Amino acid sequence: MDVLGFALLNEFPGWAFLGRDNVVVMLGECADERPASEIGDHSYFAYIEVRDASMLFQEFETKGVTFIKTIQDEIWGMREFGIQTVDGHRIMFGQDVG
């Protein structure tokens with residue numbers, strides 16, 4: 001939470017709502033399910049469009065975030081990078097440059 005700059009907005013047993021800028025995510029614990037780290041490509045959690053992907057990438061890099069994809073411009077018109085959370089979920093961040 002701190003590493004990605006999200007603040008705790010609300011919390012209930014097994015659930016937490018986190019926010020940063022205009023993004024709110026709801027996180028929950030599913031103790032009886034396979035962990036995200038075991039489900040490969042199906043562990044993508046979100047694609048978040050941002051205003052400045054390069055700046056966000058640098059911020060996360062200084063905080064030691066684990067990247068699954070470093071920042072690069074893609075042929076589909078997005079400058080994007082991907083991270084992996086501690087429990088194995090993948091989140092992509094992209095900026096429209098097309």
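Just so you know, all these numbers are worked out from the coordinates, no wet-lab data involved. The shown structure was predicted, so the numbers you read here are calculated from the model rather than taken from an experiment. Methodologically, a virtual Cβ is constructed for each residue, glycine included, from the backbone with ideal geometry; neighbour enumeration extends over all protein chains shown.
Worth pointing out:
- Comparing PRO35, GLN95, GLN84 along the charge dipole axis of the chain, the residue lying farthest to the positive side is GLN95, per the Cβ-charge model.
- Full extension of the chain between LEU8 and ARG20 gives 3.4 nm of extra length, using 0.36 nm per residue less the Cα-Cα distance.
- Computed label-point distance, nm, for sites GLU74 and GLU59 using a 7 Å Cα→Cβ extension: 2.1
- Take every Cα pair under 8 Å whose residues are at least 6 apart in sequence, average their separation, divide by the length of the chain, and the relative contact order is 24 percent.
- Nearest-ten-degree value, helix 53-62 long axis tilted from longest Cα axis of the chain: 60
- Restricting attention to the chain, close to 80% of DSSP beta bridges with both partner residues there are antiparallel.
- Correct option for P(r) over Cα pairs in 10 Å bins from 0, in percent [calculated from the coordinates] among (i) 14, 40, 25, 14, 6, 1, 0; (ii) 15, 45, 33, 7, 0; (iii) 14, 29, 17, 16, 15, 8, 2: (ii)
- Angstrom value of the Kirkwood radius, inverse mean 1/r, which spans all Cα pairs in the range 23-66: 13.2
- Taken about its Cα centre, the chain carries a charge dipole of about 140 debye when Lys and Arg each add +1 at the Cβ and Asp and Glu each add -1 at the Cβ.
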